[in-house]
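The next block holds one structure in the form of structure tokens; read it before the comments.
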Amino acid sequence: MEAGEEMEQILKKRQVLLFFVLLGIAQAGSTIRRYSVEEEAENGVFVANLLKDLGLEVEELAARGPRVISKGKKLNLEFNRQTGDLLLREKLDREELCGPAEPCVVPFQVLLGNPLQIFQAELQIRDINDHSPVFLDKEIILKISESTASGTTFLIERAQDLDVGSNGLQTYTISPNFYFHLNLQNSPDGTVLPQLVLDKVLDREERSEIRLILTALDGGNPPRSGTVQILIEVLDINDNAPAFSKLRYEVQVPENSPVGSQVATVSARDLDIGDHGNIAYAFSQASEDIRKTFRMNATSGEILLVKTLDFESIQAYTICVQATDGGGLSGSSVVIVQVMDLNDNPPELTMSTFTNHIPENAPETVIAVFSVADSDSGDNGKMVCSIQEDLPFILKPSFENFYTLMTNTALDRETRSQYNITIMVSDLGTPRLTAQHTIIVQVSDINDNAPAFTQTSYTIFVRENNSPALHIGTISATDSDSGSNAHITYSLLPSQDPQLALHSLVSINADNGQLFALRALDYEDQQTFKFHVGATDGGSPALSSQTLVSVVVLDDNDNAPFVLYPLQNSSAPYTELLPRAAEPGYLVTKVVAVDRDSGQNAWLSFQLLKATEPGLFSVWAHNGEVRTTRLLNERDAPKHRLLLLVKDNGEPPRSASVTLQVLVVDGFSQPYLPLPEVSRDPAQDEDMLTLYLVIALASVSSLFLLSVLLFVGVRLCRRARATSLGGCSMPEGHFPAHLVDVGGAGTLSQSYQYEVCLTGDTGTPDFKFLKPIIPNFLLQSSETDNDTNPSYRNSFEFS
């Protein structure tokens, strides 16, 4: 018992020394904070307040979005963002997390965002006395020869206690007896091994077996205990114990070795014969893991595999093998099994944060933060992380296999609205194992595209006299954005022309861009007009564009021809003079007409509908010139009435009629005064005939007198001049009307003026007319000359 107390004091001193060593290491690594909690603590137990350690205020903590991440061994911790308290969310089992390791320290990280920051910390799980010592065997059988001398020690299978430290296994007790006492021995790994010490030589004839109770006690408060029954069988004398060929065996076994394969073979030799020389092999001091993983062939000494090895769980096994002969003597050896790592674990990717919607035009935006891990070792545990090369994203390593996925350049939703990003993690083992994780990122739209019209300008053709509210065309624009940013509203922009009343002419549908004519358009009033249409999207701020719209009014045949010459007057028809001596093709007059329409609707053609003397006159269809077709004879009437039709080329055609009065005269000096035709009684016809005869006689006399005067003037002119002029000799004195307007304001584009020239050679007053000289572009001057003496209109004037 005194030896046990000494061992207990030595153990306490070692624990105190170990405490101070651990305390110094913790102070040296000040960058990693350590917190502690007892195992089996209830859900919601307070662990620590991290506000001070994180260097944050309560208001800033919630904005940073803290998250607790545990790598490898999972810790179910809850972080209160309002107070900064770290709480347990479930009970922790120290033995499950750390096994026999002491202290039990599990690292974890606190991930902060905006900006990204990782806080390293450790949680120490303090052990409590929640496990009792347990013997793996229900009964321990010792075979001891009767010749065994007193003082001989027998090693007994130790108990197993999952607790550690002071709560672990501390001591053993044996039930009272006369043959044995208990001796406690410290092993190199710090465990206490029980030994039975023979106090009295055994006598098989006196007692063939002895039963004892071995009790194992831990250091908890209150202490827990476990018991096992020891059966001691007294054997006959056996003076040679088995001896192994090696005291230490070392083997390497790949972790993918199949179940049932041979791991190692041990061999021992006993010099005794018979039962005392028969050796049986068995595990000694084997843990539960060893018993579940390996099986010993008691006869051959082969160690066989009964469970698949896993390098990531256990890298090496230390197996104590005991060889016992038939006499109860035994020898021991140690087999070290090294598990060879194979690349049998693919990398694992753990996503910490992920944002699946990012705005366009925002470079260096964090999309995801994740960590990678591989349970293998060496090159098998080294990893390479990558994404597709053709994507505008980049991976940035941060801390201990943490990576940040972020945009490399600004994204354009109109070019690509969705990205499938495959994160591939590959180790460097042989063969390489990979893991991949695919995420879908949607690019959110911002209003960065103005509406674009389908055409740079629009030309719309509308036929005049349209009905009001007529749909005349559609203006269309597109917007590459989406949602409300792509909703387009159309509007009419203010006209730059102040005289254009645009809002009284057209309107536009704000939703679909349809244009409507508000009233009937008139080609003769306005042939074309231009305006701008604006397209505005629904973004904020709104973007807009504009286009030019030209409306061309198409002519319709809605105007009949209008006769400009001769003017139609029902009370006094216009009369043209025709010399009786006129040659065929003589230009009597020209009908001038216009049409307010355009194009073929304004192409005019002339037609003679009715004449007093058919066949005497003809009308040129394209210019309206009325000409004689033959020579006049005595049988032709002196007065003719012509009915002409002026027709356009529209569909349907429109027309206008004009009436001409043609009076045949013997010479241009014959006066003629057109009088309106009125009904007269027969009594006045004789008076009128007398008047006509008097006028005719006076005209002939005047003509004769004028001829004589001209003849005398010509003679005088020839004598006065030394050189012959050979042309026309004009009398001196007043001769006001040497230019005669024959055409008047007729159908020609300009009036033709003719020079009247009297010959002086023969003495006969012949007229040389129809010799055009200077065109008269001013119709008013001709009308002014004629107004001076309306009675002699269309006649020559002489004085």
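Values computed for the structure shown
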read-out: Phi to ³J(HN,Hα) by Karplus 6.51 cos²θ - 1.76 cosθ + 1.60 over the range 406-423, Hz, x for Gly, Pro; value: 9, 6, 8, 9, 5, 8, 10, 5, 5, 7, 7, 9, 8, 10, 9, 9, 9, 8
read-out: Estimated distance in nm for a label pair at Asp525 and His357, the labels positioned 7 Å out from Cα along Cα-to-Cβ; value: 5.4
read-out: Counted charge near Arg630, where neighbours are those whose Cβ lies closer than 11 Å (Asp, Glu -1; Lys, Arg +1); value: -2
read-out: Whole-Å distance, taken between Cα centres, linking the range 508-558 and the range 122-181; value: 104
read-out: Among 304-315, 589-600, 52-63, the order from most to least packed when residues are scored by Cβ within 10 Å on average; value: 589-600, 304-315, 52-63
read-out: Residues of the range 541-570 with amide N under 18 Å of the 7 Å Cα→Cβ point at Gln600; value: 554-561
read-out: Members of Lys292/Lys382; Lys530/Lys647; Lys590/Lys647; Lys71/Lys382 lying beyond 25 Å, as alpha-carbon distances in this model show; value: Lys292/Lys382; Lys530/Lys647
read-out: Alpha-carbon centroids, the range 293-350 and the range 390-447: separation in whole Å; value: 44
read-out: Extension gain from Leu470 to Arg126, taking 0.36 nm per residue of separation minus the Cα-Cα distance; value: 114.9 nm
read-out: Computed FRET value (nearest 0.05) for Lys307 with Asp412, which takes r as the C-beta separation and R₀ as 51 Å; value: 0.35
read-out: Pairwise label distance in nanometres, Cys320 with Thr489, each label 7 Å out on the Cα-Cβ vector; value: 9.0
read-out: Per-residue ³J(HN,Hα) for the range 561-568, Karplus 6.51 cos²θ - 1.76 cosθ + 1.60, θ = phi - 60°, Hz, x for Gly and Pro; value: x, 10, 8, 8, 8, x, 5, 8
read-out: Amide hydrogen neighbours beyond the local backbone of Thr474, cut-off 5 Å, H modeled; value: Leu515
read-out: For Ser267, residues with placed amide H under 5 Å, excluding near neighbours; value: Ser245, Lys246
read-out: Using θ = phi - 60° and Karplus 6.51 cos²θ - 1.76 cosθ + 1.60, couplings along the range 539-549 (whole Hz; Gly, Pro as x); value: x, 9, x, 6, 10, 9, 8, 9, 9, 8, 10
read-out: Net +/- balance of residues flanking Asn408 in space, Cβ distance below 15 Å, scoring K and R +1, D and E -1; value: -3
read-out: Fully extended contour minus Cα-Cα distance, from Ala62 to Ser377, at 0.36 nm per residue; value: 109.6 nm
read-out: Estimated FRET transfer efficiency when R0 is 25 angstrom, pair Glu38-Asn80 (beta carbons, to 0.05); value: 0.80
read-out: Residues listed by number, the range 329-361, amide nitrogen under 18 Å from Ala149 label point at 7 Å toward C-beta; value: 329-330
read-out: Simple spin-label estimate for Asp344 and Asp636 in nanometres, 7 Å along Cα-Cβ; value: 13.3
read-out: Paramagnetic label zone (point 7 Å from Cα along Cα-to-C-beta, Gln117; backbone N under 19 Å) in the range 373-398; value: 398
read-out: Per-peptide average of other Cβ atoms within 10 Å, ordering 372-381, 130-139 highest first; value: 372-381, 130-139
read-out: Potential extension, Asn420-Ser457 segment - 0.36 nm per residue separation minus Cα distance; value: 9.3 nm
read-out: Mean Cβ neighbour count within 10 Å, used as a protection proxy, ranking 606-615, 114-123 highest first; value: 114-123, 606-615
read-out: FRET efficiency for Ala501 and Lys610, using Cβ-Cβ distance with R0 set to 35 Å, rounded to 0.05; value: 0.15
read-out: Alpha carbon convex hull of the range 562-665, projected area averaged over orientations, nm²; value: 6.5
read-out: The range 196-249 shape via C-alpha gyration tensor axes, a/c threshold 1.5; value: oblate
read-out: Cα shape, the range 238-302, gyration tensor, a/c 1.5 rule; value: prolate
read-out: Gyration tensor (alpha-carbon) shape descriptor, the range 452-554, a/c threshold 1.5; value: prolate
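Every number in this text was worked out from the coordinates using simple rules, so none of it is lab data. This is a predicted model, so every value here is computed, not measured. Heads up, the Cβs are rebuilt from the backbone with ideal geometry, glycines too, and the neighbour counts pull from every protein chain shown.
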